[in-house]
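**Student:** Please read through the structure below; I'll follow up with questions.
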Amino acid sequence: MNFPIKSGQARTAGLFGLLFILSGCSLFEKEQAQPICPTVSILSDASTVTKFQDGLGRNLIDEISRGEIKTIESSCSYESEGKTGNQNVIMSLALVIVAERGPANRDRLARFDYFVSVMDPERAILNKETFALQPEFSGNQTRVQFKDEPVALKIPVPQGRRGTDFRVYVGFQLSRQELEYNQRQREPGR
């Protein structure tokens with residue numbers, strides 16, 4: 001049985017047929033999947049740091065500087081170790097940080113250390129490195145936001161494991177007093 005096709009319908013049917021044929025080419029191409037990276041987290045108690053001048057004062061007027069990790073830009077790729085079947089996750093992390101100059105800051109510099117730590121699937125620390133920051137405030141500037149230089153990580157992934165089995169944590173390297181100060185700031189009613 002034949003169905004009559006008007007000339008406008010023939011053009012439309014032909015166009016759909018051509019589009020179907022052209023789109024079919026991409027149906028057989030393999031899309032390259034993005035690698036699944038280990039989870040990267042900012043430790044909440046170490047997401048900020050407040051530096052005070054020497055002495056017992058812990059008021060606003062005693063603040064030298066304050067830092068906050070706003071976000072982390074990360075990417076990863078995988079490399080194979082040949083015959084062993086093991087892989088390495090190669091990661092790049094760059095922290096976006098906001099630094100504020102406090103009233104007690106006289107030299108227009110802030111000094112912070114932050115860490116990057118890798119944990120294995122059993123939550124044991126595989127590696128931890130500390131990095132120094134020294135943002136500078138020019139003129140009357142009291143606040144700067146900047147992205148630090150990328151940190152490169154190489155995480156060995158043994159056979160039978162996946163890169164997503166590992167976790168990466170970042171935060172400011174805090175003294176006991178700085179950690180206690182952060183915890184008090186998070187208490188309800190503050």
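The values are calculated or read from the model by the stated rules, or taken from the named source; none is laboratory data. Note that the structure is a prediction, hence the values are computed from the model and not measured. Using ideal geometry, Cβ is built from the backbone for each residue, glycine included, and neighbour counts are taken over all protein chains shown.
**Student:** Would you mention how many residues in the stretch 142-190 are in a loop (DSSP other than H, G, I, E, B), closer than 16 Å to Ala124 by Cα and within 15 Å of the chain's Cα centre (by Cα)?
**Tutor:** Going through the stretch 142-190 one residue at a time, the tally reaches 1.
**Student:** Can you pull out every residue in the stretch 124-141 that is within 19 Å of Ile42 (Cα to Cα) and either in contact (Cβ under 8 Å) with a residue 40 or more places away in the chain or in a strand (DSSP E or B) (or both)?
**Tutor:** Scanning the stretch 124-141 gives Ile125, Leu126, Asn127, Lys128, Glu129, Thr130, Phe131, Ala132, Leu133.
**Student:** Related question: Looking at Arg167, Arg161, which is the one that is basic (Lys, Arg), free of Cβ contacts under 8 Å to residues at least 60 places away in the same chain, surrounded by 13 or more Cβ atoms within 10 Å (Cβ to Cβ) and over 27 Å from Lys51 (Cβ atoms)?
**Tutor:** Criteria check complete, one pass: Arg161.
**Student:** Looking at the stretch 79-112, which of its residues are in a strand (DSSP E or B) and loosely packed, with under 14 Cβ neighbours inside 10 Å? Can you show your working first?
**Tutor:** Taking the stretch 79-112 first, the residues in a strand (DSSP E or B) are 79-80, 87-101, 109, 112.
Once the filter is applied, which keeps residues that are in a strand (DSSP E or B) and loosely packed, with under 14 Cβ neighbours inside 10 Å, the stretch 79-112 yields Glu79, Ser80.
**Student:** Confirm whether Ser65 is over 15 Å from the mean Cα position of the chain (by Cα) and part of a loop (DSSP other than H, G, I, E, B).
**Tutor:** In short, no.
**Student:** For the stretch 77-96, what are the residues that are free of Cβ contacts under 8 Å to residues at least 24 places away in the same chain and farther than 18 Å from Leu126 by Cβ?
**Tutor:** Scanning the stretch 77-96 gives Ser80, Gly82, Lys83.
**Student:** Now, a different point. Just to verify a result, which residue in the stretch 113-154, among those that are closer than 29 Å to Leu60 by Cα and basic (Lys, Arg), is surrounded by the fewest Cβ atoms within 10 Å (Cβ to Cβ)?
**Tutor:** My answer is Arg143.
**Student:** Are any residues in the stretch 48-78 modelled with pLDDT of 95 or more, loosely packed, with under 15 Cβ neighbours inside 10 Å and of a type outside the set (Ser, Thr, Tyr), and if so, which ones?
**Tutor:** Once the filter is applied, which keeps residues that are modelled with pLDDT of 95 or more, loosely packed, with under 15 Cβ neighbours inside 10 Å and of a type outside the set (Ser, Thr, Tyr), the stretch 48-78 yields Lys70, Glu73.
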